[in-house]
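The block underneath contains the structure these notes are about, expressed in structure tokens.
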Amino acid sequence: MNRRGHFTGMQEVMGSNPLPAWASKPCIMGIDEAGRGPVLGPMVYGCLYCSATYQKTLATLQFADSKTLKEEKREELFESIKADDSMGWAVDIIDPRELSAKMLKKDKINLNTISHDSAMGLVNKALAMGVLVTEVYVDTVGDADKYKVKLEEKFPGITFIVAKKADSLYPIVSGASIIAKVTRDKSLRGWVMDEKVECITRNFGSGYPGDPETKAWLDQNKHVVFGFPTLVRFSWGTCKSYIDKCAEVI
């Protein structure tokens, strides 16, 4: 689960079979992310798409911003999405090592750009499969107007609705939010440490910088030469004070 570009949903819903009939008619798509703020684990972008004529049904499916739902409810709703042949979905799992590498390289790529690229990658994947995406709802990253212009320039044939808190405004984005959140949570729970050191525990809390359990875990698992396990996003400000105390590289 910790590889980028793991498009489980696309494969599971569409498989190698021909596209369902509804996918060749005008479709809407919602896009949202999970794990933008944590210092640990991947950031996950998810999308949900369906025929434009399915919008009224979407409003009856109890989708909501994933942050307002209990874990059990999120997982239940994700299972209902996977079982519904009238919808398609996909995820992009961005490994913490990739986030660190891009944000710390000489020509830095900031988190907003990484987020934009992931969202556009999901649109591209659906289009490449033959899904007739005509309208996309996106939870904004950065300035909504500038993001909208960027998306419309990349995909001139698609209408984009970019808004703050889109996951609480549009059911199609709420569904994408659930997909992204459940995928990230499962990825973090099932994370296999690259480091073969017995003393590394999994008691890392929520992974958010302000979580005392997360901060304690970072403090316990720092290394004077190697820094942190690869679960950690080295580029986060939370890590700077630890890294500043590491051995000097000559």
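Per-structure values
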quantity: Verdict on Gly9 being open to solvent by less than 10 Å² (accessible area, probe 1.4 Å), more than 13 Å from Pro96 (Cα to Cα), at pLDDT below 95 and not aromatic (Phe, Trp, Tyr); calculated: yes
quantity: Identity of the residue in region 224-244, surrounded by fewer than 17 Cβ atoms within 10 Å (Cβ to Cβ) and in contact (Cβ under 8 Å) with a residue 12 or more places away in the chain, that ends up nearest to Leu99 (Cα to Cα); calculated: Gly237
quantity: Residue list for region 198-209, filter: farther than 19 Å from Leu104 by Cα and open to solvent by less than 60 Å² (accessible area, probe 1.4 Å); calculated: Ile200, Thr201, Phe204, Gly205, Ser206, Gly207
quantity: Filter result (among the polar types (S, T, N, Q) and assigned to a loop (DSSP other than H, G, I, E, B)) within region 79-93; calculated: Ser86
quantity: Flag for Gly190 being open to solvent by less than 70 Å² (accessible area, probe 1.4 Å) and either β-branched (Val, Ile, Thr) or on the phi > 0 side of the Ramachandran plot (or both); calculated: no
quantity: Which listed residue is at pLDDT 95 or above and open to solvent by less than 60 Å² (accessible area, probe 1.4 Å), from Leu58, Leu48; calculated: Leu48
quantity: Of the criteria (1) over 30 Å from Ala64 (Cβ atoms); (2) in a helix (DSSP H, G or I), which one Thr201 fails; calculated: (2)
quantity: Region 175-192 residues that are acidic (Asp, Glu), paired with ones that are assigned to a helix (DSSP H, G or I) (beta carbon under 9 Å, 6 or more apart); calculated: Asp185/Glu71; Asp185/Arg74; Asp185/Glu75
quantity: Among residues of region 145-163, those that are open to solvent by 30 Å² or more (accessible area, probe 1.4 Å) and at pLDDT 95 or above, counted; calculated: 11
quantity: Complete set of residues in region 138-171 that are more than 20 Å from Gly35 (Cβ to Cβ) and in a helix (DSSP H, G or I); calculated: Ala144, Asp145, Lys146, Lys148, Val149, Lys150, Leu151, Glu152, Glu153, Lys154, Leu169, Pro171
quantity: The lone exception for Thr214 - which of (1) in a loop (DSSP other than H, G, I, E, B); (2) surrounded by 17 or more Cβ atoms within 10 Å (Cβ to Cβ); (3) not aromatic (Phe, Trp, Tyr) it fails; calculated: (1)
quantity: Filter pass, Thr68 being closer than 21 Å to Val123 by Cβ and open to solvent by 80 Å² or more (accessible area, probe 1.4 Å); calculated: no
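Here's the yes/no breakdown for (1) in contact with a helix residue (DSSP H, G or I) (Cβ under 8 Å, 6 or more places away or on another chain); (2) of a type in the set (Lys, Arg); (3) farther than 27 Å from Thr60 by Cα:
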{"position": "Lys106", "(1), (2), (3)": "no, yes, yes"}
{"position": "Asn124", "(1), (2), (3)": "no, no, yes"}
{"position": "Phe155", "(1), (2), (3)": "yes, no, yes"}
{"position": "Pro171", "(1), (2), (3)": "yes, no, no"}
{"position": "Ala180", "(1), (2), (3)": "yes, no, no"}
{"position": "Arg184", "(1), (2), (3)": "no, yes, no"}
{"position": "Ile200", "(1), (2), (3)": "no, no, yes"}
{"position": "Asn203", "(1), (2), (3)": "yes, no, yes"}
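Residue-by-condition table, conditions (1) in a strand (DSSP E or B); (2) surrounded by 16 or more Cβ atoms within 10 Å (Cβ to Cβ); (3) in contact with a Phe, Trp or Tyr (Cβ under 7 Å, 6 or more places away or on another chain); (4) modelled with pLDDT of 95 or more:
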| residue | (1), (2), (3), (4) |
| --- | --- |
| Arg97 | no, yes, no, no |
| Ala101 | no, no, no, no |
| Lys106 | no, no, no, no |
| Asn112 | no, no, no, yes |
| Ser115 | no, yes, no, yes |
| Ser118 | no, yes, yes, yes |
| Gly121 | no, yes, no, yes |
| Asn124 | no, no, no, yes |
| Val136 | yes, yes, yes, yes |
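The values are calculated or read from the model by the stated rules, or taken from the named source; none is laboratory data. In this text, all values refer to a predicted model and were calculated from it rather than measured experimentally. Note that each Cβ is placed from the backbone with ideal geometry, even for glycine, and that neighbours are counted across all protein chains shown. Accessible surface is based on the protein model in full, side chains and every heavy atom, while ligands, DNA and RNA are left aside. Shrake-Rupley method; radii C 1.70, N 1.55, O 1.52, S 1.80 Å.
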